[in-house]
1. Where the second residue is at pLDDT below 95 and hydrophobic (A, V, I, L, M, F, W, C) and the first is assigned by TED's automatic domain parsing to the domain that holds residue 185 and assigned to a helix (DSSP H, G or I) and lies in region 246-262, which pairs have Cβ atoms under 7 Å and are six or more apart or on separate chains?
2. If I filter region 319-348 down to residues being small (Gly, Ala, Ser) and closer than 23 Å to residue 386 by Cβ, which single residue comes out as modelled with the lowest pLDDT?
3. Of the residues that make up region 324-335, is at least one charged (D, E, K, R), surrounded by 12 or more Cβ atoms within 10 Å (Cβ to Cβ) and in contact (Cβ under 8 Å) with a residue 40 or more places away in the chain?
4. I'd like to check something: does region 358-372 contain any residue that is exposed (fewer than 13 other Cβ atoms within 10 Å of the Cβ) and closer than 25 Å to residue 272 by Cα?
5. Among the numbered conditions (1) modelled with pLDDT of 95 or more; (2) surrounded by 14 or more Cβ atoms within 10 Å (Cβ to Cβ); (3) not in a strand (DSSP E or B), tell me where residue 183 comes up short.
6. Restricting the search to region 289-306, which residues are without any contact (Cβ under 8 Å) to a residue 24 or more places away in the chain and within 10 Å of residue 339 (Cβ to Cβ)?
7. Do we find that residue 283 is within 23 Å of residue 391 (Cβ to Cβ) and among the acidic types (Asp, Glu) in this structure?
8. I'd like the residue in region 334-366 that is β-branched (Val, Ile, Thr) and assigned to a strand (DSSP E or B) and, out of all such residues, is farthest from the chain's Cα centre (by Cα).
Amino acid sequence: MKNLPVIYLLKPLRRAVLVSICGLLPLGLQADTDHLNMDQESLLLASLGDLQQNQMTGAMDKLRTLIKEQPDFRLAQLIYADLMAAQGGTLSAVGNNGQSDKKTLQGLISEARARMSVDRYKPAPGTIPSSLLQMSPKQQHVIVIDTSLSRLYLFKNNHGTPQLIKDYYVSYGRGGVDKRKRGDLKTPLGVYFTTGRLTDDQLPPRYGSGALPINYPNAWDQRLGNTGSGIWVHGSPKDTFSRAPQASEGCLSLSNNHFTELDQIVDFTDTPVLIGTHFDWIDPQSWQQKQKAFIEVVDSWRKDWESLDTDTYLSHYSEQFNNGKMGFNRFAEHKRRVNGSKSFIDVGIHNLSIYQHPDNPNMFVATFTQDYKSDNYSGSGLKRQYWVNEGGQWRIAYEGDPQKGKP
């Protein structure tokens, strides 16, 4: 009898599972023999690469190492159990002996597909998400989450240029994305900021090794009438290494070891968190050109305020402007009255950050320290603006203090 690849010795349903998983790997993927120095995800991918090339011994060795290091990695347990079954080995000590209900099995397959997409959709070296326009000098890191890939990317501020330093598998809301109301189990999309830190002893076990709340609902969410609270970046249940891509109640969930690593790097407060379903990665030259254009938009507003030409200054504001206290007409009346009494206005902008909404390129968020001085008043404070593109003209739709959301 002809020797068949080990995949074909499995039961048809599970054979289809492994065939579909391995089919996502790049053809001719080379096995890595130095598996003792690999992290959990790399070990999993390398074992599947071995399996694709029918290198059963290499695949089994890597999976055994992985399960020994991380016995609660359910996806690895599933694949290992099936390979043991194909070899006629005993499964008594392996996970749940390869038996999974349909929902759990589908979740594991979805996780495998998401992890397998890493190499296929890996950004080109040196490229930058086009939404990440300007990091404040005070912002040492920024988090970018692409829900379509179940991937979290961590950037550091390298003298003003974002530099990718880490990426992790991440799970999001089981209701999907674009959160609108409390209880919809969806993950919000947009530009957010961390607001604090919750330790594992403050949390139920399902949140794992800690949590970083973000400022949902932010000012724009509130303007849209979006409700809900408690959107965090957090770990996984203590008896689970990782979860299916859509498994949380709206939060972003990492494995506990990855959350602990992230937690030790980022600032607990005001680290930007960009959440979207698609990110365009552009080369540094294109990014610099786009960054310059957006900085000029904000600086033009500043200069026109200083000019005492109130009409030109107000042209930077949308007629749909609302800061939660007044709409455009009241705001314009107030500014005409105040500016009309000034002989000079000086406005300084420091620590400027600019982030474009990942799924809505017609919006960006600018945050900065504003130093204001006139002949009868001076003051300094943190300001956040939401700009919208109206017929090719960027205008301010919201302006005010940064909001903390509802952690």
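1. So the pair list comes out as 262/254.
2. Within region 319-348, the match that is modelled with the lowest pLDDT is 324.
3. no
4. yes
5. Here residue 183 clears every test but (2).
6. none
7. So residue 283 fails the test.
8. 345
The values are calculated or read from the model by the stated rules, or taken from the named source; none is laboratory data. These numbers come from a predicted model, not from an experiment. With ideal geometry, Cβ positions are generated from the backbone for all residues, glycine too; neighbour counts draw on all protein chains shown.
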